[in-house]
1. Quick check on my filter: what residues within region 1-45 are under 16 Å from Val179 (Cα atoms) and in a loop (DSSP other than H, G, I, E, B)?
2. Only residues in region 72-83 that are within 12 Å of Leu35 (Cα to Cα) count as the first member; pair them with residues that are surrounded by 16 or more Cβ atoms within 10 Å (Cβ to Cβ) and acidic (Asp, Glu), Cβ under 6 angstrom, at least 6 apart or cross-chain, and list the lot.
3. I'm trying to understand the selection: among the residues of region 80-103, which are farther than 18 Å from Glu119 by Cβ and assigned to a strand (DSSP E or B)?
4. Scan region 155-162 and give yes if some residue there is among the hydrophobic types (A, V, I, L, M, F, W, C), touching a helix residue (DSSP H, G or I) at 6+ places or on another chain (Cβ under 9 Å) and loosely packed, with under 14 Cβ neighbours inside 10 Å, otherwise no.
5. Condition (residue is of a type in the set (Lys, Arg) and out of contact with any Asp or Glu (no Cβ under 9 Å at 6 or more places or on another chain)) applied to region 4-19: is it met by at least one residue?
6. Six or more apart or on different chains, Cβ under 9 Å: which pairs go from a residue in region 7-19 that's farther than 23 Å from Asn156 by Cβ to one that's among the hydrophobic types (A, V, I, L, M, F, W, C) and in a helix (DSSP H, G or I)? Could you list them?
7. For region 49-79, enumerate the residues that are more than 16 Å from the chain's Cα centre (by Cα) and assigned to a helix (DSSP H, G or I).
8. Checking Gly71 against (1) at pLDDT 90 or above; (2) in contact with a Lys or Arg (Cβ under 9 Å, 6 or more places away or on another chain); (3) at negative phi: exactly one of these is not met. Which one?
Amino acid sequence: MNKSELLEIITNPVDKDYLTKTFLKEWEKLKNPELNDKESVPNSIFEQLDKNVVSEWHDWVKCYIKMYTEGKLPSLWPMRQYGMGFEFKENLDDFDANTEYFSLGTDPIGDWFVMTKDEGAKISLSDHHTYGLYDHWLNPNHLIAWALRLELAVENNLTEAEIMQYWKGRANRLEKVTVERIANSIDE
């Protein structure tokens, strides 16, 4: 695949059906794609989902969990499924009891990617020491697009400048906040 094709993929818009239609096609563009191992999740994860995630994203999260448990979810280094469905209130004595989070997994240093009904579809990182929120993604599709497209950019030695220049020249393109996150994360 040439550089222009990669930049096209990385800067493409993220649609509502990204996980089910586009994500796996883009994942196949990685040089050494790997799937996660089959894993089980506790049944309580679905109770958490109903309680902590806005209903319009229930099907998305259920699809994500199904892919994970069946070993069909791509392994991506920026985002891991460790800690998916982590029970914050049960496991963290000093966690704010007024906040309900649903964890989709962790980043490489162990901070959780979380959703909460209070924030709608927005995903945030929750620091594993202070439990404060930082960084944000527009919705779960933007989170997994960031993780996958970042990996594509890194393994193909694309630069922040190349990505941003290509993005600026497109009319139909990825949201600015997501493309900037991909470009800015290359050197991390």
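1. Asn12, Pro13, Val14, Asp15
2. Leu76/Glu151
3. Hit for region 80-103 is Arg80, nothing else.
4. Checked region 155-162: at least one residue is among the hydrophobic types (A, V, I, L, M, F, W, C), touching a helix residue (DSSP H, G or I) at 6+ places or on another chain (Cβ under 9 Å) and loosely packed, with under 14 Cβ neighbours inside 10 Å.
5. At the first step, the residues of region 4-19 found to be of a type in the set (Lys, Arg) are 16.
Filter once more, so that each one left must be out of contact with any Asp or Glu (no Cβ under 9 Å at 6 or more places or on another chain): 16.
The answer is yes, given that some residue of region 4-19 is of a type in the set (Lys, Arg) and out of contact with any Asp or Glu (no Cβ under 9 Å at 6 or more places or on another chain).
6. Here the result reads Lys16/Trp60, each pair linking region 7-19 to a residue that is among the hydrophobic types (A, V, I, L, M, F, W, C) and in a helix (DSSP H, G or I).
7. So the first thing to find is which residues in region 49-79 are more than 16 Å from the chain's Cα centre (by Cα), and the list is 49-52, 54-56, 69-71.
Answer for region 49-79, where residues must be more than 16 Å from the chain's Cα centre (by Cα) and assigned to a helix (DSSP H, G or I): Leu49, Asp50, Lys51, Asn52, Ser55, Glu56, Thr69.
8. All conditions are met except number (3).
The values are calculated or read from the model by the stated rules, or taken from the named source; none is laboratory data. These numbers come from a predicted model, not from an experiment. When we count neighbours, we look across all protein chains shown, and the Cβ atoms used for this are built from the backbone with ideal geometry, even at glycine.
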